[in-house]
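The values are calculated or read from the model by the stated rules, or taken from the named source; none is laboratory data. The structure presented is a predicted model; accordingly, all values stated were derived computationally and were not measured. So basically every Cβ, Gly included, is an ideal-geometry build from the backbone, and we count neighbours across all protein chains shown. Protein only, heavy atoms only, side chains kept; ligands, DNA and RNA dropped before computing areas. Shrake-Rupley method; radii C 1.70, N 1.55, O 1.52, S 1.80 Å.
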Amino acid sequence: MTPITPYHYLVLSAALFAIGLVGVMVRRNIIIVLMSIELMLNAVNINLATFSYQLHNAAGQVFAIFIVAVAAAEAAVGLGIIVPSSHNKETVNINDINILKF
């Protein structure tokens, strides 16, 4: 049985980032787009933790914690905007919601 190397983590991170990117580009549901952005941020966290471990430096782990905090704030603000607008428009389709336009 082969050990798990940093290469495996980088491949996993690239796959998660690609799935998130496809979700952002293809889907029109705001909730799924936010989930895809979260997936992309988690892929970056895996990269930061991998390089932090490989280089024996804790800076990557500190940045990963900041990214988790930003992701939580992004989810709270995003849902705070989506929930009232979905009640007004009765849809979560990106093309149908134009409440934030001038």
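All of 79, 12, 41 fail the test of being touching a residue at least 24 places away in the same chain (Cβ under 8 Å), assigned to a helix (DSSP H, G or I) and touching a Leu at 6+ places or on another chain (Cβ under 8 Å), apart from 79. I'd like to check something: does the range 28-48 contain any residue that is modelled with pLDDT under 95 and loosely packed, with under 13 Cβ neighbours inside 10 Å? Yes, that holds for at least one residue. Across the range 51-76, what is the total count of residues that are within 17 Å of residue 39 (Cα to Cα) and out of contact with any helix residue (DSSP H, G or I) (no Cβ under 6 Å at 6 or more places or on another chain)? Adding up the residues that qualify gives 10. Considering (1) exposed (fewer than 12 other Cβ atoms within 10 Å of the Cβ); (2) over 14 Å from the mean Cα position of the chain (by Cα), the lone condition that residue 72 does not fulfil carries the number (2). State all residues of the range 49-69 that are open to solvent by 70 Å² or more (accessible area, probe 1.4 Å) and either of a type in the set (Asp, Glu) or out of contact with any Pro (no Cβ under 7 Å at 6 or more places or on another chain) (or both); if no residue qualifies, say none. Scanning the range 49-69 gives 51, 53, 55, 56, 57, 61, 62, 63, 65, 66, 68. Checking the range 58-65 against the condition returns no match, with no residue being out of contact with any strand residue (DSSP E or B) (no Cβ under 9 Å at 6 or more places or on another chain), over 24 Å from residue 4 (Cβ atoms) and not in a helix (DSSP H, G or I).
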